Amino acid sequence: MANRSMSRLTQWCSRIFMVEINQKTEPIYFSLSSTPVSAGNKDLEAVLGNGKLFAVYALGDARVPRARSHTHLKRALTQDLPPGCDLLNTASFLPDVKNSLVNGFFLRDNSVLSSSERIVTQLRQKASVCVFTYTREQNGVYLCSDVTDDRSYYVTTAPAPLRHPSTLNIINSDVFYQMKDAYKVLQECIDVIPESKAVLELVEEQQLEPNSSQDESFPIIVIEGLDATGKTTLTFSLQKALGAVLLKSPPQCLADFRPRFDTEPPLIRRAFYALGNYITAAQIARESSYAPVIVDRYWHSTAAYAIATAVSGREENLPAVGSEIYEWPCDLLRPSLVLLLSVSPEERLRRLSHRGLDKTEEESQLEINHLFRRKVDEAYRRIQNPACIVVDANPSPDHVLKQVLGLIRNKNNLQFPGL
Ligand SMILES: Nc1ncnc2c1ncn2[C@@H]1O[C@H](COP(=O)(O)OP(=O)(O)OP(=O)(O)O)[C@@H](O)[C@H]1O
Ligand SMILES: Nc1ccn([C@@H]2O[C@H](COP(=O)(O)O)[C@@H](O)[C@H]2O)c(=O)n1
């Protein structure tokens, strides 16, 4: 047992750790070293402090149980957090190596009772977790050790990597670029989320024809945007004005499953929405043989929200323009035109408050988290092939409709009877 945990600490030593105090400040990076380091680094002191400190990571070989354990771990730590303790997000990664990110938590304890010790002991009894402690020597040097053995390493600051670490695992954990990859995730969920089976059956029922030719079909127009930017209002008007069929993603047949998957960690939740796009794609392919099709949200929404949630901190941390992350899935039907409705934050909030409906957790997050909203908006704009055309949706509904009809009319190769 001691050997196993010792080799675990040695493995983690080749990694860099990132700790985020809050989303607005730059994270602190550090690594572990077997050679002594000089003391007194202010950046490290800001995070590691003088009190008791634990780093906790959910363990597991398979990605679905590991993702769910991470969520349970967060819930357990948040619920039981005693006064005087705080929880920070931490991650361990290999700089610029795809899929190397492991998320965890830093539990800082400045309470007189040192309550975190009890919480961590309980956690280790109940769950498969890996725990490190950080202690400060009298000379100011920090040491990190695996709680299951005595071996320690020196903590030393490390430079920030070129790519923000939270972007390393996006492909096939947050955004899926082929149906089979999202399908696999839900297959792995069947034992723990029985609804997955029904969702997979619905996907199979659609008789999806990847890459079916759209050359002879009617135009397919997707309307995208943050919540309350006027998508529903515009799609209804466009349906009427163009004699079009109105579809949405996720499709109606997934409506009953949505609340269930919305409570799952990103890996599972995003795979669910990705599959929803393929079901909608099959509906689009059928309907566009007979009439123009308007789609309320599609892949741009799935990818933009997923990327913005996965990438911590500021907009600058998003993958750069032109990154493969923003490429359209190779097997998903491409629309003829994608329009992104854009409204000012003030107007969006005004509309949300007038609507007075229950807000989803993500909507409330948008309201309070300006940073997140900016990341979603920016991710929308970076998606390529097809890229979206931004529409100023601040004016009245009639004005927005006129503007959009003008854009459609001016778009080459779009044939609408009566336009
Ligand atoms: N151009 C507009 N000017 C003023 N108010 C508008 C405009 N378009 C829509 N609204 C109002 O804003 C609110 C949100 O509009 P709507 O439901 O169409 O947005 P949405 O993008 O579909 O939202 P969600 O994604 O949350 O369903 C509604 O109360 C609607 O009447
Ligand atoms: N194609 C889609 C559509 C939606 N989502 C996710 O749902 C949320 C917004 O949907 P509303 O019905 O509330 O407008 C948003 O959080 C997206 O994560 C998606 O992923 N793909």
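The table for this structure:
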| item | result |
| --- | --- |
| Å² of accessible area per residue within the chain, as computed with a 1.4 Å probe and no ligands counted | 48 Å² |
| 0 to 90° range, to nearest 10: angle between helix 179-189 axis and the chain longest Cα axis | 50 degrees |
| The chain: antiparallel DSSP beta bridges as a percent of all, rounded to 5 | 70 percent |
| The chain - percent of accessible surface contributed by carbon and sulfur, probe 1.4 Å | 49 percent |
| Extended-chain gain in nm, criterion 0.36 nm per residue less alpha-carbon gap, THR121 and GLN138 | 3.5 nm |
| Helix 195-205 axis, angle to the chain major axis (alpha carbon atoms, nearest 10°) | 40 degrees |
| Where N is the number of residues in segment 27-179, Cα Rg divided by 2.2 N^0.38 Å | 1.09 |
| Relative packing of 197-205, 103-111, which averages over residues the other C-beta atoms within 10 Å, highest first | 103-111, 197-205 |
| CD proxy at 222 nm, helix term only [per DSSP H run n ≥ 4: -39500 (n - 2.57); per residue of the chain; nearest 500] | -12000 deg cm²/dmol |
| For segment 213-291, radius of gyration divided by Kirkwood radius, i.e. Rg to Rh on alpha-carbons | 1.01 |
| Packing-based ranking, highest mean first, of 136-144, 180-188 given that Cβ atoms within 10 Å are counted | 180-188, 136-144 |
| Highest-fluctuation residue, GLN122, GLN384, GLN403 considered, GNM on the chain with Cα pairs under 10 Å | GLN122 |
| Cα-based reach from LYS126 at 24 Å (exclusive), listing lysines while leaving out same-chain residues under 8 positions away | LYS52, LYS74 |
| Pairs beyond 23 Å (Cα-Cα), from LYS231/LYS402; LYS197/LYS375; LYS375/LYS402; LYS98/LYS375; LYS24/LYS248 | LYS197/LYS375; LYS375/LYS402; LYS24/LYS248 |
| In degrees, nearest ten, helix 370-382 long axis to first principal axis of the chain (Cα) | 50 degrees |
| Kirkwood estimate for the chain, i.e. one over the average of 1/r between Cα atoms, Å | 23.6 Å |
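The values are calculated or read from the model by the stated rules, or taken from the named source; none is laboratory data. Predicted, not measured: the structure shown is a model, and the values here were computed from it. Note that each Cβ is placed from the backbone with ideal geometry, even for glycine, and that neighbours are counted across all protein chains shown. Only protein heavy atoms, including side chains, enter the accessible area calculation; ligands, DNA and RNA are left aside. Shrake-Rupley method; radii C 1.70, N 1.55, O 1.52, S 1.80 Å.
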